[in-house]
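Notes for the one structure printed next.
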Protein chains: 2
Amino acid sequence: MRNAEFDREKVLRAAMKAFMHKGYAKTSMQDLKKATGLHPGSIYCAFENKRGLLLAALEQYRLDRKTEFEQFFANSTLVLVNLKSYLDNVVAECISCDSAQACLLTKALSEIADQDSEIQRVISDNLSMLQQALAEKFEQAKVEKSISADKDCHHLARYFLMGIYGLRTFAYTHPEAKVLEQLAEQLYHDVSQ
Amino acid sequence: MRNAEFDREKVLRAAMKAFMHKGYAKTSMQDLKKATGLHPGSIYCAFENKRGLLLAALEQYRLDRKTEFEQFFANSTLVLVNLKSYLDNVVAECISCDSAQACLLTKALSEIADQDSEIQRVISDNLSMLQQALAEKFEQAKVEKSISADKDCHHLARYFLMGIYGLRTFAYTHPEAKVLEQLAEQLYHDVSQ
DNA sequence: CTCTATCTTGAATGTGCATTCAAGATATCG
DNA sequence: CGATATCTTGAATGCACATTCAAGATAGAG
């Protein structure tokens with residue numbers, strides 16, 4: 001007889017931001033209330049508890065990143081060129097560092113995966129999907145003759161993803177554009193050569 | 001008129017392990033008491049507070065890793081060969097994953113650096129020293145004619161370190177020996193070619 | 001316009017935590 | 001062996017937090 005008033009996606013994106021900024025443990029319900037505009041009771045009603053909110057935020061993150069990823073390849077340019085754009089975007093995120101720009105997945109992974117196997121699985125699946133998507137792009141690059149036919153696309157995808165993880169961690173200590181761009185350049189070179 | 005009874009290094013290594021395992025926030029004084037064998041009062045007397053214990057543990061970690069690093073190069077083999085051994089050791093650590101084997105530095109970095117600029121600085125300095133040490137090894141490899149003279153050794157060191165960060169994060173989701181070894185192999189190839 | 005099912009609100013609850021501190025223990029010195 | 005400075009102990013303190021819940025508000029049905 002009455003509908004919820006809040007916009008679920010907006011709430012989840014606000015929660016994401018809060019979790020990325022302070023980490024899961026240090027983000028209090030107070031913080032989440034401020035970030036989402038939802039009172040504790042509403043959060044508990046909609047998401048069961050703080051952990052439930054994180055799980056929902058992780059799922060929204062996955063959807064948002066999937067959309068973002070696909071947009072980078074939604075044109076007729078060579079797939080490798082788009083891949084480089086995608087990588088440049090990661091670097092740009094690292095530089096703009098509110099430090100809230102860290103990847104929610106890796107942040108959550110290092111903080112809580114050890115303690116909570118369900119969250120561990122959700123995050124791992126999430127990252128595996130990205131890896132799979134990358135592998136498909138490399139396959140396409142093979143079809144386009146951008147990379148040689150004897151390459152192992154799954155290996156390339158893993159290496160590329162490893163590079164992105166490393167880039168993000170590196171940016172914590174050296175958020176200088178020039179250095180990060182140089183690293184990204186070499187990473188791109190090493191997967192496309 | 002009376003000396004402290006505990007072994008400072010042992011206590012710090014126990015604290016390290018605890019912090020690596022659960023993260024800083026989730027490691028309670030209770031946990032630290034269990035891990036170190038020290039009662040709260042003694043911890044506060046020796047290290048001021050929980051944060052002081054982390055800082056002390058970070059310093060001990062730096063010393064331990066420095067020693068470990070130097071041992072890998074304490075022979076007359078070609079420096080690049082030793083570098084590969086060092087990398088293989090990182091992989092081995094990742095595989096043996098108690099999941100307490102994550103690097104204390106990157107774990108602490110992602111958890112608390114944003115919130116505490118002193119700890120941020122300590123960790124950054126710590127990682128910069130490793131980067132510097134790696135750069136010197138690449139310089140030596142140049143002297144040994146293992147790599148070409150026109151390489152930028154600092155860039156190689158940064159790229160190598162980035163790879164190690166990435167490898168460690170990757171291992172959270174894929175702790176399979178074969179995959180990690182393959183990634184390490186390519187990383188080594190890309191910095192030594 | 002009324003009634004009711006549902007949503008919103010935020011104060012109250014209980015728990016777990018970092019930190020303190022005073023009493024007890026003990027090594028060292030004279 | 002006694003005196004004392006220092007260390008050890010762990011219960012007590014107070015605070016911050018996640019979670020609950022009952023009272024208040026409001027949309028929609030009739």
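The values are calculated or read from the model by the stated rules, or taken from the named source; none is laboratory data. This structure is a prediction, so every number in the text was calculated from the model and none was measured. Methodologically, a virtual Cβ is constructed for each residue, glycine included, from the backbone with ideal geometry; neighbour enumeration extends over all protein chains shown.
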Query raised in the report: Hey, does the range A:106-127 have a residue that's surrounded by fewer than 19 Cβ atoms within 10 Å (Cβ to Cβ), hydroxyl-bearing (Ser, Thr, Tyr) and in contact (Cβ under 8 Å) with a residue 40 or more places away in the chain?
Result: no
**Report entry** Where a residue in the range A:51-73 is closer than 28 Å to A:Asp31 by Cα and its partner, wherever it lies, is aromatic (Phe, Trp, Tyr) and surrounded by fewer than 17 Cβ atoms within 10 Å (Cβ to Cβ), with Cβ under 9 Å and at least six apart
**Finding:** A:Gly52/A:Tyr44
Report task. Count, please, the residues in the range B:23-41 that happen to be of a type outside the set (Phe, Trp, Tyr) and more than 8 Å from DNA strand C (Cβ to nearest atom). Result -> 7
Report task. Identify, from the list B:Thr36, B:Thr27, the residue that is surrounded by 15 or more Cβ atoms within 10 Å (Cβ to Cβ), without any contact (Cβ under 8 Å) to a residue 24 or more places away in the chain, over 15 Å from the mean Cα position of the chain (by Cα) and within 16 Å of DNA strand D (Cβ to nearest atom). Result -> B:Thr27
Query raised in the report: How about the range A:131-146: which of its residues are surrounded by fewer than 20 Cβ atoms within 10 Å (Cβ to Cβ) and either more than 10 Å from chain B (Cβ to nearest Cβ) or not polar (S, T, N, Q) (or both)?
Result: A:Gln132, A:Ala133, A:Ala135, A:Glu136, A:Glu139, A:Gln140, A:Lys142, A:Val143, A:Glu144, A:Lys145, A:Ser146
Query raised in the report: Before we move on, is B:Ala149 small (Gly, Ala, Ser), in contact (Cβ under 8 Å) with a residue 12 or more places away in the chain and more than 7 Å from chain A (Cβ to nearest Cβ)?
Result: no
Report task. Would you tally the residues in the range B:140-164 being assigned to a helix (DSSP H, G or I) and within 22 Å of A:Ala184 (Cα to Cα)? Result -> 12
Report task. Answer with yes or no whether B:Arg158 is surrounded by fewer than 20 Cβ atoms within 10 Å (Cβ to Cβ) and of a type in the set (D, E, K, R). Result -> no
Report task. Check whether at least one residue in the range B:184-193 is of a type in the set (Val, Ile, Thr) and modelled with pLDDT under 95, and report yes or no. Result -> no
Report summary line: Over the range A:43-79, the set of residues aliphatic (A, V, I, L, M) and within 16 Å of DNA strand C (Cβ to nearest atom) is A:Ile43, A:Ala46, A:Leu53, A:Ala56
Query raised in the report: Out of all the residues in the range A:162-193, which are over 21 Å from B:Ala108 (Cα atoms) and facing chain B (nearest Cβ under 7 Å)?
Result: A:Val179, A:Gln182, A:Leu183, A:Gln186, A:Asp190
